[in-house]
1. Count, please, the residues in the stretch 73-105 that happen to be closer than 15 Å to CYS139 by Cβ and in contact with a His (Cβ under 6 Å, 6 or more places away or on another chain).
2. Report, by residue number, each residue of the stretch 106-138 that is over 20 Å from ASN86 (Cβ atoms), aliphatic (A, V, I, L, M) and surrounded by 10 or more Cβ atoms within 10 Å (Cβ to Cβ).
3. Given (1) closer than 19 Å to ASN86 by Cα; (2) away from ligand 2 (no atom under 16 Å from the Cβ); (3) over 14 Å from the mean Cα position of the chain (by Cα); (4) touching a residue at least 24 places away in the same chain (Cβ under 8 Å), identify the lone condition not met by MET1.
4. Residue by residue through the stretch 64-91, note down the ones that are assigned to a loop (DSSP other than H, G, I, E, B) and under 18 Å from GLY32 (Cβ atoms).
5. Filter the stretch 99-149 down to the residues that are among the hydrophobic types (A, V, I, L, M, F, W, C) and touching a residue at least 60 places away in the same chain (Cβ under 8 Å) and list them by number.
6. Considering each residue of the stretch 78-105, count those that are surrounded by fewer than 17 Cβ atoms within 10 Å (Cβ to Cβ), within 13 Å of ligand 2 (Cβ to nearest atom) and among the charged types (D, E, K, R), and give that number.
Amino acid sequence: MRLTPDEMRMRFRERGLKMTPQRAAIYQALAGTVSHPTAEDLHRHVRRQHPMISPNTVYYTLGVLREAGLVHEVNYWHDRSRFDANITPHHHLVCLGCRSIQDLTDEALDRLSVSGRLKGGFEVTGHRVEFHGYCSTCCRAGRHLSRPDHRRHR
Ligand SMILES: [Zn+2]
Ligand SMILES: [Zn+2]
């Protein structure tokens, strides 16, 4: 979803973050996709309009945006972080075949909780459910039948 300059300014202001052209470009690129891109993906995208922007700036800026609570970072494979501008509570469908990540909104999952006895004094502030499996494209390609990643990523 493409944000207007006013919407952008408001979101940055809400989080007490100064909006610079680079931050705005990176955040806009992330808000415009549901694919949960890596920093490298975002750099490739943002570079088209901001040729001077370096990969390091993108990494650093994503860290700033994450600290401000404007983006989420997920890493299901312990290699490359994936970023998400959707900060409303949601869950993920994670494909083991092509590593796609799809958002999943489900109120029943939002209501999950841990019983007091099991928490052992742990103070829960939130949760996110991830379902592992194979996306429709991978299923059509038959990738779910060989399941090469099944054990490793369980
Ligand atoms: Zn897939
Ligand atoms: Zn997401």
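1. 2
2. VAL114, the sole residue that qualifies.
3. Result: MET1 passes all but (2).
4. LEU70, VAL71, ALA85, ASN86, ILE87, THR88, HIS90
5. Selection gives ILE101 alone.
6. So the answer is 1.
Listed here are the residues, each with its yes/no results for (1) within 11 Å of ligand 1 (Cβ to nearest atom); (2) modelled with pLDDT under 90; (3) in contact with a Phe, Trp or Tyr (Cβ under 6 Å, 6 or more places away or on another chain); (4) assigned to a loop (DSSP other than H, G, I, E, B).
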| site | (1), (2), (3), (4) |
| --- | --- |
| LEU93 | yes, no, yes, no |
| CYS98 | yes, no, no, yes |
| ARG117 | no, yes, no, no |
| ARG128 | no, no, no, yes |
| PRO148 | no, yes, no, yes |
| ARG152 | no, yes, no, yes |
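The values are calculated or read from the model by the stated rules, or taken from the named source; none is laboratory data. Computed from a predicted structure; not experimentally measured. Cβ coordinates were reconstructed from backbone atoms using ideal geometry, including for glycine residues, and neighbour counts include every protein chain displayed.
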